[in-house]
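Input: a single structure, listed below in structure tokens.
The values are calculated or read from the model by the stated rules, or taken from the named source; none is laboratory data. Since this is a predicted model, take the numbers as computed values, not measurements. As a convention, Cβ positions derive from the backbone with ideal geometry for all residues, glycine included, and neighbour counts pool all protein chains shown. Each accessible area value is taken on the protein alone, full model and side chains, heavy atoms only, with ligands, DNA and RNA left out. Shrake-Rupley method; radii C 1.70, N 1.55, O 1.52, S 1.80 Å.
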Amino acid sequence: MHPAFSIIFFTTAAGAGYGLLLLLALLGPAGLLPDSRAFAVVSTGLALGLVAVGLLSSVIHLGHPERAWRAVSQWKSSWLAREGVAALVTFLPAAIFAVSWALLGRTGAVAGASGIATAIGAVVTVACTAMIYASLKPIHQWHNSWVLPNYLLLSAMTGAVLLNALLHLWRAGRPEFDALVLVLIALSGLAKEGYWTFIGTIPAASTPETATGLGRWGRVRFLESPHSEPNYLLKEMGFAIGRKHSVRLRLIARTLGFTLPLLATVLALGLPAAALPASLLAALAVALGIIIERWLFFAEARHTVTLYYGATTV
Amino acid sequence: MADGPGDPHDLPRFAFDPQPTEVSGSADPRPRKESWWQRFTAPRERVELSPEVEDEVKTTTCYMCACRCGVKVHLQEGRIRFIDGNRNHPVNRGVICGKGSAGIMQQYSPARLRSPLLRTGERGKGEFRAIGWDEALTIVTERLRRIRDTDPARLAFFTGRDQSQSLTGYWAAQFGTPNYAAHGGFCSVNMAAGGMYTLGGSFWEFGEPDWERARYLLLFGVAEDHDSNPIKIGLSRLKASGAKIVGINPVKTGYNAIADEWIGIRPGTDGLFALALVHELLKADRIDLDYLVRYTNAPWLVVRNPGGADDGLFARDGQGRVLAWDRDADTAVPAERADLSPLLVGEKRLPDGRFAVPVFQLMAARYLDPSYAPEAVAERCGIAAETIRRIAGEIAHVAFQQQVVIEQPWTDWAGRRHDRMIGRPVAMHAMRGISAHSNGFHTCRALHLLQLLLGSVDVPGGWRYKPPYPRPAPPGPFPAGWRGEPAAGKPLAGSPLGYPLGPEHLLVDAAGRPERLDKAFSWEYPLAVHGMLHMVITNAWAGDPYPIDTLFLYMSNMAWNSSMHTGAVMRMLTDRDPATGEYRIPFIVYSDAFDSETVSFADLVLPDTTYLERWDCISLLDRPIGSADGPADAIRRPVVAPDRDVRPFQDVLIELGVRLGLPAFANPDGSARYPGGYPDYIVNHQRQPGLGPLAGWRGRDGTEHGRGEPNPDQLERYMENDCFWMQELPPEQRFFKHANKDYLETAVRLGFIERAEPVVHQLWSEPLQRFRLAAQGFGERQPPDHLRPRIATYFDPLPLWYEPLEHEAFDQAAYPLSAITQRPMPMYHSWGSHNAWLRQIYAHNDIFMSRALGVELGLANGDWVWIASPHGRIKARLRLMEGVNRHTVWTWNAIGKRQGAWNLKADAPEAHQGFLLNHIINELLPDRGGARFSNSDPVTGQAAWYDLRVAIEPATADEAGETSPQAEPQGLPAGMAPSPSINSYGTWLRTRRRQRARERSKQP
Amino acid sequence: MTSLPTASPAADGHQKKLGLVIDLDTCVGCHACAVACKEWNTGGHMAPLTDLEPYGRAPDGVWFNRIHTFEAGVESGSAVAGCGASRTTHFPKSCLHCETPDCVTVCPTGASYKRAEDGIVLVDEDLCIGCKLCSWACPYGAREFDTDTGTMKKCTLCIDRIYNKNLEEVDRVPACVMVCPVSARHFGDLGDPSSNVSRLVADRGGFDLMPEIGYKPVNKYLPPRPARAVPVAISTAPAVSPPANLNLLARWADRVLSR
Ligand SMILES: Nc1nc2c(c(=O)[nH]1)N[C@H]1C(S)=C(S)[C@@H](COP(=O)(O)OP(=O)(O)OC[C@H]3O[C@@H](n4cnc5c(=O)[nH]c(N)nc54)[C@H](O)[C@@H]3O)O[C@H]1N2
Ligand SMILES: Nc1nc2c(c(=O)[nH]1)N[C@H]1C(S)=C(S)[C@@H](COP(=O)(O)OP(=O)(O)OC[C@H]3O[C@@H](n4cnc5c(=O)[nH]c(N)nc54)[C@H](O)[C@@H]3O)O[C@H]1N2
Ligand code: SF4
Ligand code: SF4
Ligand code: SF4
Ligand code: SF4
Ligand code: SF4
Ligand SMILES: [Mo]
């Protein structure tokens, strides 16, 4: 699948935003976060900002952004519509939460309830995003049960790493947080490895033979394309990434997205003096690593339509 | 749907299932009243199910290729909504091909020329000044008048893909130049001549398989053909009826892909394969002797006098009648006698003492020779001996065990009544895979021999003539145009093209040198019955046999895809004589409708209209469009008005005729004989009294057909009848046309033949023997000595096979592969590339090779390779495939374009990833003892495109990415706007529909 | 309406499923159907079918029907082999108007919908936001994004032909079906077991593309047929010794024939 920047940016930014929002909404009202207005405003602003910019970028990606409002009408069947609804609905408790917790500094029932609602909304929204991909049957690399946990964990992990960096910035780092981050990184890393192992070992059911129905005469090979130059389908869904390239990028994604942040967080945990730079490094690495991970999520996804254009497997 | 007659989906369908489907209901079942919420969550589109499709429909004839289908052009607001096939039309019966549908994009193409152009820059650059028609016509007239008054042969007028050859040939004859031909010489003259000299008809477009009744079809070397839609319709009918289709072709695509059996033959060896089938049939005595005796010259007696002047000629009596040996009378009698009981084998002494044997014996003796046995040819043809034997057995089975009978009485030429029509349902069709080789004439004859042995020519289930064929084998007339024969300023005595019967009809001077610029009808290419357009530029450049003044071309992209050796030809067109500084070819006039490669080489460009903007006449005097069930002709009529300063070429030619005072076009007082231009000519011109360009609705009142006085309303009648005329033959005339009394009489009445005499198929071709005798030193007209062995070898009166000349001329080991092209179905030569839709299908081409060979050579799909021939090398991208002969590489024809041509952008893939094989084909064979012959069939002069041999080697990594050679870009002529970067044709229709809907909804 | 419609059976109780049956045995790959489709539809319901760079480096247009070519099996390879074992198949592909396609259900706006009354899958361009998701959900590549209009387009099964009262009844078939010169394309109601198309499918073993995806395509493909077998009438045993020509010729010397 063509790795469109706007979509990569949307899923990673919004994912991190919702992850952060989730943690803020749960931990804030519970009084587990620094009692600092500035911290609350900055962190909530960052979370909502990431969400908003992400959503905006996904709207700009549309052929008709001015009609984007229509995209919520089909929640009954469409995960994209559900995502839209969830995102919109989440803004309501999120706004209350932001006002009551971040602006007014409350931790009472209103903040707590709106926080819980916001957290649920964030999870639901990220889950809907994941399901947009996981529901697409023509794409083996997406249509599997690894995608949903991956999205949820990566969202929580990026949010947590960001939160941890903010905490350290406010000199409010806590070993429990570092530990939480460590756990999330480890789980996410495992989920990602599991996903990669899955797509590397379990073949798609569709082949040139099933795509054409010609398998009964032997191996099916592509001879001529309908059009000699690339068309929409190839540009959108025919993106192919070389094996070597993909191995190299996975290594970078692993290193930046998981290993480095993991080590940095361990460092933060073990060496409080280095906690701030370490957690900032972790956040930076995660940002880059997850963008690469997300790029790969698209680039390694192979659509069945390519079977009609010479792909031998998807 | 109810059961129709038989099984409806098994019936042969012409266009589609007639399924007035149960798709009638169209209402959305949901309730109509909706709240805003319902509209938001469950929106419902109002689909306009019955939009208007036209303000007006005009029928005409397609010219996106030469198939000449009937089309309906649907117009809205004077613009084209769509073009579809005309169901009433005999050629396409309602279907239309991709090119035909894409006619819209041809009509609105940015490559259309917009006004006459006069060259301002160097030739080949595309730098012009737009001029008016008067200036253009004055320039041409002055030049041509001078030529005509001095030496008319110094005008070379060649017309390419011309569909008005009866006009252009006539014009040339009126002008007085013998240097006229269309594209047939490089196209398929081997098929035309091979057929005409054997059957008086031919494959090509002059006949067709009996699609309805054939049980077995052998398709030799056909990718698409001129009969594009009829062949496809026919193949589907064969499929539906369960007949077997065998495709003999080095490549398995298109028609060959759907064949029941594919025979991946080695190029150039079909003759050998066919003669091996002949061998098997003769050996097993599975031949139709009755047919041979009745309809062929098998019983004719051939004089046996080795070393004598009459050896190999037919034995004739005092009145010139050919003799056969009658068993009953035990003497030689005229072969034409109906009551003959002929001898087929046995040498006889004629009354005059000479010895003679029947043709049959000579034929059978030759092909029974073990050198024609399957084992002997298998390796060379690349076909297993068992396969050859099996195919022979299958066709013998179908021909003799599955004969087709039509309960239809008919009368033969001798007046004998036959109760029924019995046919041998083995049909054949062949095209350029046979003809584009230097042995194609004989291969074509070998195929006809095979058909005749099976008795399957013009019989039910076999191959059938399309009227106006058959004609005598060969038909007349002889070519006209001895140089100096007409006084300067006078017309030729006849037509520049014709069918020689012997050396006496050659166009050579006293010293035996060619009289025509292209050397057609010379000792080098005696039966070049369609001329040799592929030699015109080379010879004009070399001044061999003589220099010319003006090259006048029409509708032929000679500077690109229709030349052999494109690079060299481009150099010749721009070459100057160092002594004078003048171009070696002094003046080039060209008529094209689009900015083709050749436009840039012209000194003066006469822009033509598109096929939807003009009158055309598809005449029986030219290539026929009828079917085996009856003759037909057609017109094209203006459907849309030109929006540019362009004129129909035929009008221009007629106007030039008037200006030059050519007697056929100008009255003695200088006024125009056809003041209404081409439509006037179509209606009122008469070639002979009563015979004109169109056969339909003749006579003052339009009631006569074939012959009759001109009818002033003729074009009206044609337009009322969807622009065509067809006369269906009555059932008793539909078969055995070569010997069918009623048909032959009809043919005389319609003006196709002069006398209602049977056409006897020529197994033994006497005209060929006459040339051979000349080569052996007999006769008055003698070839130059260096040509004697060539003529003696190739003018064999029986079909023979020889290694294609170019294969023989070069080291086969150094160039181990044959390289050929195929017609892509959705592209017509170079014309498709400026079509916004068609070029999306093929904007570049690759070279295809067998996967097995690729693996052996270490080459992979997508590799860039050099394709080297003895004449140069080109670079292209490689593709590996299964269905191709291992000794063959191939590509789609004419996709590569010169940068800047056709108003394509400079970075168009056609120029950078596309290529022409023509760059490494040569129009000349290597020097042999001081003579360089054309790379052509030695009998007919047919260009041997597919004799090309190549070697393939990998290109280096830094050579990858672009094809080579890259020609210098050509410029966009004055007055033409650069092509647009988006095409949203159809938006206007949507806007219009919405507007209408709004208006409708406002109405109460 | 993005949810799939509930069944809406016709009067006789069967659910109408309009679609195409494509015969891979006879398709010669001529692209006639593809171009006719382009031509009709560029002025039809989804007009225009925009072409980007129509005369440039990367011509790329909207087409509802595209013709692919495949080879199946391996050529037997030896030089003296004649006919090999591989099969070349031309393969036209347009929307299959699936019965349970996610291209409809993924659409967030309701622009992509399946008609209840005949099963035709359409896009309402006025609602489409151009998110492209439906094209991702189509396994067959039957959806075409028009970059210029910013909307998704697709095969309409020529809905503006098949019901069009301004066309003669015989012309009320999809453009691609009407033009196919080898009659490899058939149109009809696949929901009616007695229709032409249903019977073709039954007789010829029509099959689904990628059944494993589970969209239940309405369009069916007919497989290439086995080659016709023809008996062989003459001995195909190789000659042991070359025939003696004269002996063979002698057979015909006494043959009594008449014209
Ligand atoms: N390698 C290779 N080369 C080949 C062949 C091959 O098989 N392989 N085939 C050969 C054969 S058989 C042929 S017939 C030739 C064909 O080659 P050409 O005869 O050159 O055919 P086209 O390329 O179609 O070009 C004809 C010209 O007519 C112009 N034209 C189109 N419509 C009109 C019109 O309405 N009026 C006028 N005045 N001009 C118009 C086009 O713009 C074009 O410039 O190619 C030959 N070349
Ligand atoms: N769409 C389309 N239609 C056209 C044209 C076009 O350009 N496009 N051009 C028109 C013109 S001018 C012509 S002349 C006709 C030509 O129509 P075709 O005769 O169909 O022309 P080619 O494409 O040259 O096909 C020749 C076939 O012969 C095969 N072949 C080559 N060498 C051999 C051989 O030695 N033996 C055998 N058995 N096969 C061989 C090739 O693989 C190819 O399939 O088509 C006409 N129709
Ligand atoms: S086959 Fe030729 S004449 Fe017929 S529709 Fe196609 S382009 Fe036109
Ligand atoms: S073919 Fe594709 S676009 Fe058509 S209905 Fe099926 S899934 Fe949808
Ligand atoms: S592109 Fe249009 S039709 Fe397709 S899913 Fe998006 S909104 Fe629906
Ligand atoms: S049914 Fe109509 S829209 Fe669909 S592929 Fe055929 S011609 Fe195109
Ligand atoms: S028109 Fe018919 S033969 Fe041609 S590509 Fe389409 S389905 Fe195949
Ligand atoms: Mo040709």
Worksheet item: Just counting partner chain Cβ atoms within 10 Å, what average do the residues of peptide C:141-151 show around their Cβ?
Response: 5
Worksheet entry | Calculated from backbone phi, Karplus (6.51, -1.76, 1.60) coupling profile of the range B:633-648 in Hz, x at Gly/Pro | 9, 7, 10, 10, 10, x, 9, 10, 8, x, 10, 9, 8, 10, 9, x
Worksheet item: For the range C:18-222, what is the relative contact order in percent, using Cα pairs closer than 8 Å and at least 6 residues apart in sequence?
Response: 28
Practice prompt. Keeping all protein chains in place, calculate the accessible area per residue for the range A:90-237 (probe 1.4 angstrom), answer in Å².
Written response: 37
Worksheet entry | For C:185-193, mean number of other protein chain Cβ atoms within 10 Å | 3
Worksheet, complete the sentence: Using alpha carbon centers only, the range B:347-406 is separated from the range B:787-840 by a whole-angstrom value of 27
Worksheet item: What does the accessible area of residue B:998 come to, in Å² to the nearest 10, when a probe of 1.4 Å is used?
Response: 130
Worksheet, complete the sentence: Chains A and B: accessible area buried, summed over both chains, 1.4 Å probe, nearest 100 Å², reads 1200
Discussion item. Show log10 I(q)/I(0) for the range A:211-259 at q = 0.13 Å⁻¹, two decimals, from a solvent-free Debye sum over equal Cα scatterers.
Written reply: -0.60
Worksheet item: Given 10 Å bins starting at zero, what is the percent of C-alpha pairs of the range B:601-716 in each, up to the one with the largest pair distance?
Response: 14, 37, 36, 12, 2
Worksheet item: Can you run phi through the Karplus equation (6.51, -1.76, 1.60; θ = phi - 60°) for the range A:265-275 and list ³J(HN,Hα) in whole Hz, with x for Gly and Pro?
Response: 5, 4, 4, 4, 5, x, 10, x, 4, 8, 4
Worksheet item: Which value in Å does the Kirkwood hydrodynamic radius of the range B:448-549 take, with 1/r averaged over all unlike C-alpha pairs and then inverted?
Response: 15.8
Practice prompt. Run a plain Debye calculation on the range A:174-314 (Cα atoms as equal point scatterers, no solvent) and give log10 I(q)/I(0) at q = 0.11, 0.17, 0.18 Å⁻¹, rounded to two decimals, same order as the q list.
Written response: -0.56, -0.93, -0.99
Fill in: Cα-based convex hull, the protein assembly as shown, per residue volume (Å³, whole number)
195
Worksheet item: Along each of its three principal axes, how wide is the spread of alpha-carbon positions in the range B:656-762, in whole angstrom units, largest first?
Response: 49, 35, 20
Worksheet, complete the sentence: Expected sort for B:386-394, A:53-61 on mean C-beta neighbours within 10 Å, highest first, is B:386-394, A:53-61
Discussion item. Counting heavy atoms of the protein chains only and a 1.4 Å probe, report the per residue accessible area for chain B as a whole number of Å².
Written reply: 30
Worksheet item: Which aspartates and glutamates have a Cα lying under 12 Å from the Cα of residue C:16, excluding residues fewer than 8 positions away in the same chain?
Response: B:22, C:99, C:117, C:118, C:189, C:192
Worksheet item: So for the protein assembly as shown: antiparallel DSSP bridges make up what percent, rounded to the nearest 5?
Response: 70
Discussion item. Cα atoms only: what Rg and Dmax, in Å, come out for chain A?
Written reply: 21.2, 72
Response to the item:
Of the listed links B:125/B:875; B:239/C:38; C:38/C:93, those spanning more than 21 angstrom between alpha carbons are B:125/B:875; B:239/C:38
Worksheet item: Kirkwood Rh over Cα pairs of the range C:109-196 into Stokes-Einstein at 20 °C, 1.002 mPa s: D in µm²/s?
Response: 145
Response to the item:
Under 5 Å from the placed amide H of residue B:85, counting only residues 5+ away or on other chains, we find B:72, B:96
Worksheet item: Taking a ≥ b ≥ c as the square roots of the eigenvalues of the Cα gyration tensor of the range A:74-186, is the shape rounded (a/c under 1.5), prolate (a/b larger than b/c) or oblate?
Response: oblate
Discussion item. Just to confirm the filter: which trypsin sites (Lys or Arg not before Pro) across the range C:121-197 are DSSP coil and have at most 11 other Cβ within 10 angstrom of their Cβ?
Written reply: C:165
Discussion item. Checking an interface number: how much accessible area is buried between B and C, summed over both chains, with a 1.4 Å probe, in Å² rounded to 100?
Written reply: 11200
Discussion item. As a test of understanding, state the convex hull volume per residue of the range B:533-582 from its alpha carbons, in Å³.
Written reply: 80
Discussion item. Let's test the formula: R0 of 60 Å, r as the Cβ-Cβ distance of residue B:118 and residue B:501. What FRET efficiency results, to the nearest 0.05?
Written reply: 0.85
Worksheet, complete the sentence: Checked chain B against the a/c 1.5 cut and the a/b vs b/c comparison, axes a ≥ b ≥ c from its Cα gyration tensor; verdict rounded
Worksheet item: Hey, how many Å between the Cα centroid of the range B:898-930 and the Cα centroid of the range A:205-237?
Response: 32
Worksheet item: Just the projected area, averaged over all directions, of the convex hull on the alpha carbon atoms of chain C: how many nm²?
Response: 24.0
Worksheet entry | the range B:612-685-the range A:145-178 distance, computed between alpha-carbon centres (Å) | 84
Worksheet item: Can you list the residues, at least 5 places off or on another chain, whose amide H is less than 5 Å from the amide H of residue C:153, using H built in the peptide plane?
Response: C:144, C:145, C:146
Worksheet item: Which percent of the Cα-Cα distances in the range B:203-468 go past 23 Å?
Response: 55
Worksheet, complete the sentence: Per residue, the convex hull enclosing the alpha carbons of the range A:1-114 has a volume in Å³ of 110
Worksheet, complete the sentence: Sorted by chain and number, the residues with a modelled amide H under 5 Å from that of residue B:520, at a separation of 5 or more or across chains, are B:532
Discussion item. Just the number: Rg to Rh for the range A:260-304, Cα atoms, Kirkwood Rh, two decimals.
Written reply: 1.26
Item to complete: Roll a 1.4 angstrom probe over the protein heavy atoms and tell me the percent of accessible area of the protein assembly as shown that is carbon or sulfur.
Response: 57
Worksheet entry | Dimensions in Å of the range B:255-392 - Rg and Dmax from alpha carbons | 18.5, 58
Discussion item. Just to check I understand the Karplus step: with θ = phi - 60° and J = 6.51 cos²θ - 1.76 cosθ + 1.60, what whole-Hz values come out for the range B:89-99, glycine and proline as x?
Written reply: 7, x, 6, 10, 6, x, 7, 8, 8, x, 4
Item to complete: Work out, in µm²/s and without decimals, the Stokes-Einstein translational diffusion coefficient of the range B:820-959 at 4 °C, 1.567 mPa s, Rh from Kirkwood over C-alpha pairs.
Response: 79
